Amino acid sequence: MSPVAPGGTITIAGKTVSRIGFGTMRLAGHDSWGNLRTKRVEPMAVLLEAIRLHGITHIDTADAYGPHTVENLIHDTLAPYWFDMDVLIATKVGMLRPGPRTWTPHGYPAYLRAAVEGSLRRLGVEQLDLCYLHRNDPAVPFLDQVGALAELQAEGKIAHIGLSKVGPEEIDQAATVAPIAAVQNKLNRERPDDLATVEHCRVLGIPYVAYSPLGSGALARDGGAGDALEWLLGLSPHVAPMPGTSDSHHLGELVSALAD
């Protein structure tokens, strides 16, 4: 019997998954920068526990996490179990990592194509369930970036396209090129400054994935995780919080907080 999904379920990219997702950025270590060659056991265990023990079936990653190493970790952890797991693996492309604390948007179509091909190889799949444009690169026309992903979708390499760190205007622009399956923006109780986008997505029927729902851990102190996640869940059924951790105990606390 599968564990009950925390916070209920939501349909994203054609799959019914847990509203509470699992963000994998922290699995690469401090600053999401590391090769994970000698420290793979704990992050692999946390990822499996999220799915098998806690019923979390919405997994979010990016080629920039590590960079590249977390996608490899996900493959190596989950590949033996694909046959009995109904999970959504979402990844993101369009961000360079020149160094540990540096995140640089890079949205040239040729690069996005190469990045998607790399994610396919690292995850060991023929099609990405959900692929986000990680950021809008101001040096490249926005619709050229979305168009590159739309071409890959037409080729069958991407099933669904998402956008990250965007507002209503960009969502509407992108929708003229391809259907948008999800929007992923930063939102939490202490930074509720994206509610206009939340409402815009609700009207359009687009799931809104809230990253940093615990404010990088600040809202989880003194037992506040449950309240922070419940605030997001209470905004609307289309909002899906995406907390992340690299610690099994912390993961258990997050799930328990919702059950209290």
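Below is a table of values for the structure above.
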read-out: Estimated 222 nm signal from helices in the chain, with DSSP H stretches of n ≥ 4 weighted -39500 (n - 2.57), rounded to 500; value: -10000 deg cm²/dmol
read-out: Choice from M85, M242, M25 with maximal GNM fluctuation in the chain (Cα, 10 Å cutoff); value: M85
read-out: Options (i) 46, 42, 37; (ii) 68, 41, 33; (iii) 54, 44, 35 - which one matches Cα extents along the principal axes in Å as calculated here; value: (i)
read-out: Candidate aspartates and glutamates for bridging to K39, where Cα separation is under 14 Å - those fewer than 8 sequence places away on the same chain excluded; value: D76, D247
read-out: Accessible area (Å², per residue) of region 35-150, counting only protein heavy atoms and a probe of 1.4 Å; value: 42 Å²
read-out: Cα extents of region 58-187 along the three principal axes, largest first (Å); value: 41, 33, 31
read-out: Residue among T24, T197, P243 farthest towards the positive dipole end of the chain, charges placed on Cβ; value: T24
read-out: Proximal lysines to K15, defined as alpha-carbon separation beneath 20 angstrom and excluding residues fewer than eight positions away on the same chain; value: K92, K157
read-out: Protein accessible area in the chain, 1.4 Å probe - carbon and sulfur %; value: 53 percent
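The values are calculated or read from the model by the stated rules, or taken from the named source; none is laboratory data. What you are looking at is a predicted structure, and each value in this text was computed from that prediction instead of being measured. With ideal geometry, Cβ positions are generated from the backbone for all residues, glycine too; neighbour counts draw on all protein chains shown. When the accessible area is computed, the model is the full protein with side chains, heavy atoms only, and any ligands, DNA or RNA have been set aside. Shrake-Rupley method; radii C 1.70, N 1.55, O 1.52, S 1.80 Å.
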